[in-house]
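In what follows, a single structure is set out as structure tokens and then discussed.
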Amino acid sequence: MSNQKKRNFQIEAFKHRVVVDPKYAEKTWSILEHAIHEIYNHNASGLSFEELYRNAYNMVLHKFGEKLYSGLVATMTAHLKDISKSIEAAQGDLFLEELNRKWNDHNKALQMIRDILMYMDRTYIPNTHKTPVHELGLNLWRDNVIHSSKIQSRLLSMLLELVHRERTGEVIDRGLMRNIIKMLMDLGSSVYQEDFEKPFLEVSAKFYMGESQKFIECCDCGDYLKKAELRLNEEIERVTHYLDVKSEVKITNVVEKEMIANHMMRLVHMENSGLVNMLLDDKYEDLGRMYNLFRRVPNGLSTIRDVMTSHLREIGKQLVTDAEKLKDPVEFVQRLLDEKDKYDSIISQAFSNDKTFQNALNSSFEYFINLNNRSPEFISLFVDDKLRKGLKGVSEEDVEIILDKVMMLFRYLQEKDVFEKYYKQHLAKRLLSGKTVSDDAERSLIVKLKTECGYQFTSKLEGMFTDMKTSQDTMQGFYASHPELTDGPTLVVQVLTTGSWPTQPSITCNLPAEMSALCEKFRSYYLGTHTGRRLSWQTNMGTADIKATFGKGQKHELNVSTYQMCVLMLFNNADRLSYKEVEQATGIPASDLKRCLQSMACVKGKNVLRKEPMSKDIGEDDAFFVNDKFTSKFYKVKIGTVVAQKESEPEKQETRQRVEEDRKPQIEAAIVRIMKSRRVLDHNNIIAEVTKQLQSRFLANPTEIKKRIESLIERDFLERDNNDRKLYRYLA
């Protein structure tokens with residue numbers, strides 16, 4: 001077999017040369033150019049879009065993309081120049097309609113052209129970084145139509161004219177406006193802003209500047225605010241109808257600046273209608289409108305708040321310093337509460353419960369309540385009045401509301417310890433005379449005080465209630481061990497723990513013999529059952545029920561004080577007694593005796609005694625008789641003692657002195673607590689720390705703190721630093 005030669009086979013690609021007609025590009029482009037002309041001339045119905053697409057596709061495929069693109073630009077530009085001329089030729093209001101119609105036509109044409117040139121849009125344009133067909137169409141419309149010298153200024157002036165007409169009450173074609181503005185927005189945010197928004201805002205500022213000047217000259221504050229609110233709402237509505245949503249902030253800022261910010265001070269201080277008048281006349285609607293408008297501008301709310309605060313402080317100052325209004329403490333506190341209610345209502349209804357306004361209200365009340373150093377006493381008297389008789393027939397919920405209001409005023413007091421002093425005195429009188437309307441209300445207030453100030457503040461008050469309960473048990477035990485006493489006078493004793501009750505000077509008076517004997521029996525019983533205790537009688541705090549028979553055998557039961565009982569019992573053995581004789585027989589202090597006699601001889605309807613000579617005041621030369629002609633339609637007659645509701649000046653000084661004495665150990669305790677933890681501290685910081693620690697009870701006086709520091713140095717609790725005399729060290 002002969003050796004065959006090895007052969008290598010090679011397969012070559014099929015070679016087929018495509019011969020392109022040299023005039024292919026020109027022919028194809030002329031077909032496409034004709035199609036674009038037909039589209040713009042509204043004759044697109046006869047075109048084969050599939051064939052046109054294939055032609056455009058082949059041009060790109062055969063590397064004629066540049067010719068296709070540049071031809072498109074030239075053809076569209078030529079058409080848009082013609083369109084621009086037809087728009088320019090439109091007269092009057094037809095101008096915008098023509099522009100809108102041509103814009104819609106251009107958009108439709110652009111859509112068809114883009115469909116035909118889709119392959120170029122997807123391949124050629126991204127590779128050569130040219131502008132896509134749709135965007136190109138918008139840019140050419142912008143440059144050849146909107147920015148045409150004869151159209152640009154005319155378009156702007158017509159748009160601004162329409163806005164002005166609408167502002168002055170005319171009805172305009174909002175649909176057309178919306179289309180034109182949307183066209184500008186479609187052409188790009190910069191076109192909308194430069195060609196319309198900026199001039200629109202400038203013209204608006206001038207319009208509202210003029211309008212605000214006109215309004216402020218002829219309107220009161222309330223009417224002006226209504227007009228400003230209306231204008232603001234109109235602009236917001238205008239944005240929703242035909243402007244870019246981003247324009248809302250800008251146009252509202254213009255209205256706010258021109259109509260509100262530039263006139264704030266004039267509006268709030270406007271004579272007869274400004275903020276103060278609105279507050280005085282409870283114009284909630286106007287106040288709410290002012291709040292909502294002013295909150296939109298810088299420093300708007302602080303302006304309202306400052307004017308309200310200064311007004312509040314002014315009327316508050318008048319309230320607490322007017323001597324006429326201070327005559328009745330209950331009325332005084334009620335006025336404060338009414339004022340607080342009024343402003344609470346304004347803040348909740350008109351000022352959206354704004355916390356900053358609430359804080360301003362609180363600081364104002366704290367300021368003026370503490371201008372009057374009798375505020376703690378008056379608030380306690382108000383509570384006393386309500387808990388004695390003012391809450392009869394009032395529901396539990398309403399009682400709680402009243403007590404909460406009292407607590408609110410209590411929080412404003414800087415001298416809470418002074419309130420405590422008076423409250424304790426008034427509570428003692430209520431408990432001992434059985435005058436309290438509701439034990440639940442009393443305890444509820446004590447719980448509120450405890451929550452506010454801690455256990456120490458109320459421990460003694462709670463002790464008073466405990467004493468009242470213990471005394472009932474004691475009396476039951478006393479009568480159980482003395483059954484023989486059931487026929488004679490009845491004695492009810494309240495045994496009070498000295499530390500819990502307000503300290504009273506122990507004034508003894510000469511009790512009638514039968515009562516004196518009964519008191520001695522009780523003393524023996526009590527001291528026999530409790531070892532190591534001492535009893536002292538507080539006759540000035542007691543009451544008595546005595547039966548009396550007058551001239552024509554008329555019988556009454558008189559409810560009197562212990563002092564009044566002592567005086568009346570003297571007339572069992574005498575028809576006539578002089579003032580001196582009564583004073584000598586009873587041993588009652590002169591001031592108390594005069595009040596006691598005055599209430600029985602000079603008060604109409606309660607005059608169980610008569611005196612000679614007749615006058616309103618008691619003199620030391622007066623003589624007293626039983627009033628045989630006394631009559632009353634009631635069997636039980638209550639004869640109160642003529643008392644001053646407020647403290648007299650000496651009593652006030654005495655209470656103040658007691659408060660100052662009570663403060664000394666509290667200040668010293670605070671200093672020691674602080675120094676114990678700090679070990680070394682300078683003078684100014686001690687003053688600041690002590691004031692801060694004690695502010696829940698009272699406002700400590702720096703001079704008094706300094707005196708207490710000196711006292712502690714003398715007693716070796718603290719020492720001064722040898723080098724720095726303002727530095728103190730704690731001595732363990």
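The values are calculated or read from the model by the stated rules, or taken from the named source; none is laboratory data. If you're wondering where the values come from, they're calculated on a predicted model, not measured in any experiment. In this analysis, Cβ positions are derived from the backbone assuming ideal geometry, glycine residues included, and neighbour counts consider all displayed protein chains. These area figures cover heavy atoms from the full protein model, side chains too; ligands, DNA and RNA do not enter into them. Shrake-Rupley method; radii C 1.70, N 1.55, O 1.52, S 1.80 Å.
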Once the in-chain neighbours fewer than 8 apart are removed, the lysines whose Cα is under 19 Å from LYS214 read LYS206, LYS226, LYS227, LYS257
Here the stretch 244-252 yields Karplus 3J(HN,Hα) values (6.51, -1.76, 1.60; θ = phi - 60°; whole Hz; Gly and Pro given as x) of 5, 4, 6, 6, 4, 4, 5, 6, 5
Relative contact order in percent for the chain (Cα pairs under 8 Å, 6+ apart) equals 6 percent
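Is the shape of the stretch 562-608 rounded, prolate or oblate, going by the alpha carbon gyration tensor and its root eigenvalues a ≥ b ≥ c, with a/c under 1.5 for rounded and a/b larger than b/c for prolate? Before the final figure, lay out each step's value.
On the way: a/c = 1.71, a/b = 1.17, b/c = 1.47.
Oblate, since a/c reaches 1.5 and b/c is not below a/b.
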Among LYS460/LYS606; LYS327/LYS606; LYS389/LYS594; LYS389/LYS416; LYS405/LYS594; LYS416/LYS604, the pairs whose Cα-Cα distance exceeds 29 Å are LYS460/LYS606; LYS405/LYS594; LYS416/LYS604
Rounded to whole angstrom, the alpha-carbon centroid of the stretch 360-403 lies from that of the stretch 55-85 at a distance of 89 Å
The orientation-averaged projected area of the Cα convex hull of the chain, in nm², is 77.2 nm²
When the charge dipole of the chain is computed with +1 at the Cβ of Lys and Arg and -1 at the Cβ of Asp and Glu, the Cα pointing farthest to the positive end, of ASN627, THR451, LEU312, is that of THR451
Phi angles of the stretch 481-491, converted by Karplus (6.51 cos²θ - 1.76 cosθ + 1.60, θ = phi - 60°) into ³J(HN,Hα) in whole Hz with x for Gly and Pro, give 8, 10, x, 5, 8, 5, 7, x, x, 9, 10
Taking r as the C-beta separation of ALA623 and SER481 and R0 as 41 Å, the FRET efficiency to the nearest 0.05 is 0.40
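Quick check on the chain: helices-only [θ] at 222 nm, where DSSP H runs of length 4 and up contribute -39,500 (n - 2.57) each and the sum goes over total residues. Nearest 500, please.
-20000 deg cm²/dmol
Can you tell me the length gained on complete extension of the stretch HIS164 to SER438, counting 0.36 nm per residue apart and subtracting the Cα distance? The partial results should precede the final answer.
Numbers: separation 274, 0.36 × 274 = 98.64 nm, distance 7.04 nm.
Difference between extended and current length: 91.6 nm.
Please work out whether the stretch 241-390 counts as rounded, prolate or oblate from its C-alpha gyration tensor, where a ≥ b ≥ c are the square roots of the eigenvalues and a/c under 1.5 means rounded, while otherwise a/b larger than b/c means prolate and anything else oblate? Show your work: numbers first, answer last.
On the way: a/c = 3.28, a/b = 2.64, b/c = 1.24.
Prolate is the answer for the stretch 241-390, as a/c is 1.5 or above and a/b outweighs b/c.
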From highest to lowest solvent-accessible area (probe 1.4 Å; ligands, DNA and RNA excluded), HIS134, HIS311 read HIS134, HIS311
Computed for the stretch 211-343: size of charge dipole around the Cα centre, +1 on C-beta of each Lys and Arg, -1 on C-beta of each Asp and Glu, debye to nearest 20, value 440 debye
Rounded to a whole %, the carbon-and-sulfur portion of the accessible area of the chain at a 1.4 Å probe is 49 percent
Rounded to whole angstrom, the alpha-carbon centroid of the stretch 652-720 lies from that of the stretch 444-512 at a distance of 34 Å
With every protein chain in place, the accessible area of GLU620 for a 1.4 Å probe, in Å² rounded to the nearest 10, comes to 90 Å²
Going residue by residue through the stretch 196-206, the Karplus relation 6.51 cos²θ - 1.76 cosθ + 1.60 with θ = phi - 60° gives ³J(HN,Hα) values, rounded to whole Hz and with x marking Gly or Pro, of 9, 4, 4, x, 4, 5, 5, 5, 4, 4, 5
Accessible-area order for GLU197, GLU88, largest to smallest, probe 1.4 angstrom, reads GLU88, GLU197
Reduced to Cα centres, the span from the stretch 292-330 to the stretch 566-619 in Å works out to 51 Å
Nearest 10, in degrees from 0 to 90: the angle of helix 221-242 to the longest Cα principal axis of the chain is 30 degrees
Reported to the nearest 10 Å², ASP721 has, with a 1.4 Å probe, an accessible area equal to 20 Å²
So, relative contact order of the stretch 515-656 in percent, Cα under 8 Å, 6 or more apart, is 24 percent
With every protein chain kept in place and a 1.4 Å probe, the chain has an accessible area per residue in Å² of 54 Å²
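Using the Cα gyration tensor of the stretch 360-433, with a ≥ b ≥ c the square roots of its eigenvalues, what is the shape: rounded (a/c below 1.5), prolate (a/b larger than b/c) or oblate (neither)?
Values: a/c = 2.84, a/b = 1.35, b/c = 2.10.
Oblate, since a/c reaches 1.5 and b/c is not below a/b.
Would you rank ILE402, ILE113 by solvent-accessible area, highest first, keeping every protein chain in place and using a 1.4 Å probe? Mind showing how you got there, number by number?
On the way: ILE402 45, ILE113 0 Å².
If we order ILE402, ILE113 from most to least accessible, we get ILE402, ILE113.
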Expressed in square angstrom to the nearest 10, the accessible area of LYS108 with a 1.4 Å probe stands at 130 Å²
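Which length gain, in nm to one decimal place, applies between GLU581 and LYS552 when the Cα-Cα distance is subtracted from 0.36 nm times their residue separation?
Working: separation 29, 0.36 × 29 = 10.44 nm, distance 2.71 nm.
Length gained between GLU581 and LYS552: 7.7 nm.
Quick one: Kirkwood hydrodynamic radius for the stretch 310-437, alpha-carbon pairs, angstrom, one decimal? All intermediate terms of the calculation are to be shown ahead of the outcome.
Details: mean 1/r = 0.0649 Å⁻¹.
Computed over Cα pairs of the stretch 310-437, the Kirkwood hydrodynamic radius comes out at 15.4 Å.
May I ask you to derive the relative contact order of the stretch 138-251, considering only C-alpha pairs under 8 Å and at least 6 residues apart, and to give it as an integer percent?
Working: 48 pairs, mean separation 35.8, N = 114.
RCO, the stretch 138-251: 31 percent.
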Given unit charges at Cβ for Lys, Arg (+) and Asp, Glu (-), the dipole magnitude of the stretch 129-216 about its Cα centre in debye, nearest 20, is 80 debye
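Would you mind getting me the FRET efficiency between ASP545 and ASN701? Use the beta-carbon distance for r and R0 = 30 Å, nearest 0.05. If you can, show how the numbers build up before the last one.
Values: r = 48 Å, r/R0 = 1.59.
Rounded to the nearest 0.05, the efficiency is 0.05.
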Amide H contacts under 5 Å for SER578, restricted to residues at least 5 apart in sequence or on another chain and with H modeled in the peptide plane, are PHE624
